[in-house]
Amino acid sequence: MRKCILALAAAVSLAGAAQAQTYPQRPINMVVPFAAGGPTDIVARMVAENMSKTLGQQIVVENVAGAGGTTGITRASQAKPDGYTIMMGHMGTHGAAPALYANLKYDPTKDFEPVGMAAGTPILIVTKKNFPAKDLKEMIAYLKANPDKVNQAHAGIGAVSHMTCILFNSQIGVKPTAVPYSGTGPALNDLVSGQVDYMCDQIVNLVSQIKAGSIKAMAIAMPERSPALPDVPTTKEAGMPEYEVTAWNAIFAPKDTPKEIVTALSAALDKALDDAPTKARLLELGAVLPTKAERGGDWLGGFVKKEVARWTPVLKDASK
Ligand code: ASP
């Protein structure tokens with residue numbers, strides 16, 4: 001019996017190795033759990049383009065939005081673990097979701113093979129162009145004085161824009177009307193047209209609209225200003241040093257995807273992050289690229305555990 005099991009295990013791992021040697025033989029589906037045009041989609045398409053060249057097969061982005069990104073990640077986590085379905089997760093889907101969904105269908109720390117960090121994305125507090133405040137102090141005063149008038153956009157419960165604004169709102173003691181979207185791409189359109197008042201979002205979505213003056217940036221939640229937006233003050237400069245948060249986007253494969261395939265994907269991602277034009281485009285949008293030490297699946301797996309442990313008490317407390 002034991003011999004049989006060993007033989008079976010050997011056969012399975014040989015099959016995995018053989019599959020990995022020829023991988024990929026057809027296009028790879030990358031699930032982006034938000035609407036097209038938003039930050040997760042932007043980061044995904046930028047790295048996927050270069051990874052496709054390295055892998056010799058197209059990575060096709062599929063937008064599966066809903067429930068703060070948890071709909072797409074649930075679906076992708078249940079796909080066949082053969083390397084042909086991967087996903088772009090983030091600090092919400094793989095950090096915040098366990099605190100905010102009692103019946104989450106996946107465990108970010110157990111149900112994935114981490115591929116690698118794609119980009120760090122500092123958070124900005126942005127308002128519609130004609131919001132009646134010229135800086136963060138005035139904005140906070142206005143939010144406190146007009147609790148029934150203001151509304152805040154976000155990309156669904158547990159999304160980065162939701163969790164980081166829960167934190168912001170709880171630190172200043174306001175509870176505005178929240179307006180959920182399928183991603184902060186469409187939310188940004190409504191911010192530009194003045195349908196909503198403010199949001200907390202990932203920098204890569206915002207740089208061009210801030211530069212064009214079609215929305216206002218109140219502060220960036222980083223210790224230093226971003227080279228992509230040198231005129232935007234940090235939260236510390238703007239008088240709210242306790243609000244500092246940088247989100248992230250990272251690639252995952254479903255649990256039990258063969259190790260050789262995960263390694264091939266990690267190497268392709270690594271190469272994309274070192275590719276000069278890809279790197280330049282990400283930096284232009286304000287992304288913070290992972291250092292060499294922060295690359296690969298092992299690092300990401302450890303990081304996700306720390307993120308879940310870090311956010312769970314913070315979010316449970318802030319959403320009381
Ligand atoms: N940045 C968004 C969020 O709030 C999602 C997106 O559209 O990428 O999680």
Notebook entry, point to check: Helix 296-318 versus the longest principal axis of the chain: what is the Cα-based angle in degrees, 0 to 90, to the nearest 10?
Noted result: 40 degrees
Check: Ignoring ligands, DNA and RNA, what accessible area per residue does segment 118-259 give at 1.4 Å, in Å²?
Finding: 38 Å²
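Provide the FRET efficiency to the nearest 0.05 for the Lys110-Lys211 pair, computing r from the beta carbons and using R0 = 41 Å.
In this case the efficiency is close to 0.50.
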Checklist line | Loop trypsin sites (Lys or Arg not before Pro), segment 55-160 (other Cβ atoms within 10 Å of the site Cβ: 15 or fewer; DSSP) | finding: Lys105, Lys110, Lys129, Lys134, Lys149
Note to self: What is the angle, in °, between the Cα long axis of helix 39-55 and the longest principal axis of the Cα atoms in the chain? Nearest 10 is fine, range 0 to 90.
What the structure shows: 30 degrees
Item checked: the chain: calculated mean residue ellipticity at 222 nm from DSSP helix runs of at least 4, using -39500 (n - 2.57) -> -13000 deg cm²/dmol
Check: Sorted by mean Cβ packing within 10 Å, highest first, what order do the peptides 241-248, 120-127 take?
Finding: 120-127, 241-248
Checklist line | Cα-projected label distance for Asn103 with Arg45, points at 7 Å along beta-carbon direction, nm | finding: 3.5 nm
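Compute the convex hull volume of the Cα atoms of segment 15-161, divide it by the residue count, and report the result per residue in Å³ as a whole number.
137 Å³
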Item checked: Estimated inter-spin distance, Gln21 and Ala293, nm [label 7 Å along Cα→Cβ] -> 3.8 nm
Next item on the list: Please give, to one decimal in nm, the separation of the simple spin-label points placed at Glu62 and Glu244, each 7 Å out from Cα toward the Cβ.
Entry: 4.1 nm
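Which value does Rg/Rh take for the chain over its C-alpha atoms, Rh per Kirkwood? Walk me through the numbers on the way to the answer.
Values: Rg = 20.3 Å, Rh = 20.1 Å.
Reported Rg/Rh (Cα atoms, Kirkwood Rh): 1.01.
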Next item on the list: Kindly express, to the nearest 10 degrees and within the range 0 to 90, the angle between helix 259-274's C-alpha long axis and the longest C-alpha principal axis of the chain.
Entry: 40 degrees
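Rounded to the nearest 5, what % of DSSP beta bridges with both residues in the chain are antiparallel? Spell out each step's value before the answer.
Numbers: 24 of 38 bridges.
In the chain, DSSP labels about 65 percent of beta bridges as antiparallel.
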Next item on the list: Using a 1.4 angstrom probe on heavy atoms only, work out the carbon and sulfur share of the accessible area of segment 125-238 in %.
Entry: 51 percent
Next item on the list: Report ³J(HN,Hα) in whole Hz for each residue of segment 125-141, in order, from the Karplus equation J = 6.51 cos²θ - 1.76 cosθ + 1.60 where θ = phi - 60°; Gly and Pro get x.
Entry: 9, 10, 10, 5, 4, 9, 4, x, 7, 9, 8, 4, 4, 5, 4, 4, 4
Next item on the list: Please sort 54-60, 85-91, 220-226 by packing, taking for each peptide the average over its residues of neighbouring beta carbons within 10 angstrom, highest first.
Entry: 85-91, 220-226, 54-60
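Anything over 19 Å Cα to Cα? Flag those among Lys175/Lys320; Lys128/Lys211; Lys80/Lys292; Lys110/Lys292; Lys80/Lys110; Lys105/Lys255, in the order listed.
Too far apart for the 19 Å limit: Lys80/Lys292; Lys110/Lys292.
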Checklist line | Residue-span extension gain [Ala276 to Asp256] - 0.36 nm each, minus C-alpha spacing | finding: 3.9 nm
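The values are calculated or read from the model by the stated rules, or taken from the named source; none is laboratory data. On a predicted model such as this, the values are computed, not experimentally measured, just so you know. Backbone-built Cβ (ideal geometry, glycine too); neighbour counts: all protein chains shown. Only protein heavy atoms, including side chains, enter the accessible area calculation; ligands, DNA and RNA are left aside. Shrake-Rupley method; radii C 1.70, N 1.55, O 1.52, S 1.80 Å.
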